[in-house]
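The values are calculated or read from the model by the stated rules, or taken from the named source; none is laboratory data. Note that the structure is a prediction, hence the values are computed from the model and not measured. Heads up, the Cβs are rebuilt from the backbone with ideal geometry, glycines too, and the neighbour counts pull from every protein chain shown. For the accessible areas, the whole protein counts, side chains as well, though only heavy atoms, and no ligand, DNA or RNA atoms are used. Shrake-Rupley method; radii C 1.70, N 1.55, O 1.52, S 1.80 Å.
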Amino acid sequence: PQRIFSGMQPTSDSLHLGNYLGALTQWVALQDGYDPIYCVVDLHALTVNPEPAVLRERTRRTAAQYLAAGVDPSRSLLFVQSHVPEHAQLTWILSCLTGYGEASRMTQFKDKSAKHGNEGTNVGLFTYPILMAADILLYDTALVPVGEDQRQHLELTRDLAQRLNARFGADTVVVPEPYIVKATAKIYDLQEPTAKMSKTASSPNGLVELLDDPKVVAKRIRSAVTDTEREIRFDTAAKPGVSNLLSIYSALSGRTITDLEGSYEGKGYGDLKKDLADVVVAFLEPFQARFHEFLDDPAQLDAVLADGAERAREIAAPVLARVYDRSGLLPAR
Ligand code: AQP
């Protein structure tokens, strides 16, 4: 079976609906017929300089949310990035093969660094996509299920893989493909429906966090920005707010957009929002119950992560050794 790899940063107490629909639901679906590896990328989260105790807590919480969403450790390998030192080691090799200009063109870096200025931006944020490339290439990954915002980083990963293969031999690493499901590739901020829903950039009212109080979530959905028309129709250019609500509704209910448009003909935005709020709450309540079960048993959670790390290292170590050797690094005796 084809190898799958993906990860999320523990940069918040809760993942949001964009993370869930853009990535996590695909992760769960890909457990059938593939060989998946899912990672909590805590080294990436260091780029926002979290409080140490907070990072530790969020790492466990993120893993517990993967499990609550349906990531099944008997079918998927689940681990924490920093438990496998090969990630940091391969990053250095890849850094030396990445152009400064090439890295400077990453739009996520440009956006995030513009907000903090040169002095407020750390080098880790700049090299973030190279660490991401290392994550993926260490596992001979074929497919990477992510949201649309990660497409450019995946292109860089592919370029680096091809560069390694051109320099050191065609079979040095596997060149991965993105796996981006169009319908949910980008979930938008409820208050600013042309910007992506984001852990760090959205205002609280624009976000639906998976671990939020369902009452608060329902209220946020009912207050989502729409437009001055009345018609419930999917049209991302003219009606970004309504289209976003329809995308979320469709993904969570399994109903098609056309079906939803049909059943809301002649009804108002208030009806759509109220029903969507019910759909979201019906999803969140059991999700949160499962999350708490996993979080409240840290010994079991840590055991799952320790087992994952051990199995991950068995895959990553020979890949790193291959790249080290072909790079001309003298083997240690
Ligand atoms: N709004 C979104 N719609 C669809 N998919 C999304 N993803 C993130 N936002 C959306 C996908 O979720 C995964 C999380 O990756 P990450 O933890 O590296 O976070 P990110 O991509 O940087 O986005 P976030 O969660 O909003 O965090 P910040 O605020 O730190 O940028 C990825 O697969 C991503 O594509």
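By how many degrees, between 0 and 90 and to the nearest 10, does the Cα long axis of helix 269-295 differ from the longest principal axis of the chain?
40
How much of the DSSP bridge set in the chain is antiparallel, in percent, rounded to the nearest 5?
Antiparallel: roughly 10 percent of the beta bridges in the chain.
Spelling out what I want: for every residue of the stretch 303-319, take phi, set θ = phi - 60°, compute 6.51 cos²θ - 1.76 cosθ + 1.60 (Karplus), and round to whole Hz; glycine and proline get x.
Residue by residue, the stretch 303-319 yields 5, 4, 5, 5, 5, x, 4, 5, 5, 5, 4, 5, 8, 6, 4, x, 5 Hz.
Between helix 107-116 and the chain, what is the angle of the helix's C-alpha long axis to the longest principal axis, kept within 0 to 90° and rounded to the nearest 10?
The angle comes out near 80 degrees.
Given the Cα-Cα distance of residue 171 and residue 32 and 0.36 nm per residue of separation, how much length would full extension add, in nm?
Contour length minus the Cα-Cα distance gives 47.3 nm.
Output the peptides 246-255, 299-308, 125-134 sorted from most to least packed, where packing is the average of other Cβ atoms within 10 Å over each peptide's residues.
Put in order of decreasing packing, that is 125-134, 246-255, 299-308.
Please tell me the relative contact order of the stretch 1-157 in percent, rounded to the nearest whole number, where contacts are Cα pairs under 8 Å and at least six residues apart.
34
What shape does the chain have by the C-alpha gyration tensor, where a ≥ b ≥ c are the square roots of the eigenvalues, rounded means a/c under 1.5, and otherwise prolate means a/b greater than b/c and oblate the rest?
Verdict is prolate for the chain.
On a 0 to 90 degree scale, rounded to 10, what angle separates helix 86-95 from the longest Cα axis of the chain?
80
Mind ranking 140-153, 11-24 by how tightly packed they are, going by the mean number of other C-beta atoms within 10 angstrom, highest first?
11-24, 140-153
Pop out the carbon and sulfur fraction of the accessible area of the stretch 207-278 as a percent, whole number, probe 1.4 Å.
The C+S portion of the solvent-accessible surface of the stretch 207-278 is 49 percent.
Quick check for you: with a 1.4 Å probe and neighbouring chains kept, what is the accessible area per residue of the chain, in Å²?
So the chain comes to 46 Å² accessible per residue, rounded to a whole number.
Once both labels are modelled 7 Å past Cα along the beta-carbon direction, what's the residue 256-residue 201 spacing in nm?
My value for the distance between the label points is 3.3 nm.
So which of 186/239; 182/273; 112/196 end up more than 20 Å apart by C-alpha?
Pairs exceeding 20 Å: 182/273.
Search the structure for amide H atoms under 5 Å from the amide H of residue 232, placed 1.01 Å from N in the peptide plane, and list their residues when 5 or more places away or on another chain.
Hits under the 5 Å cutoff: 266.
Keeping the other protein chains in place, figure out the carbon and sulfur percent of the accessible area of the stretch 1-151, with a 1.4 Å probe.
53
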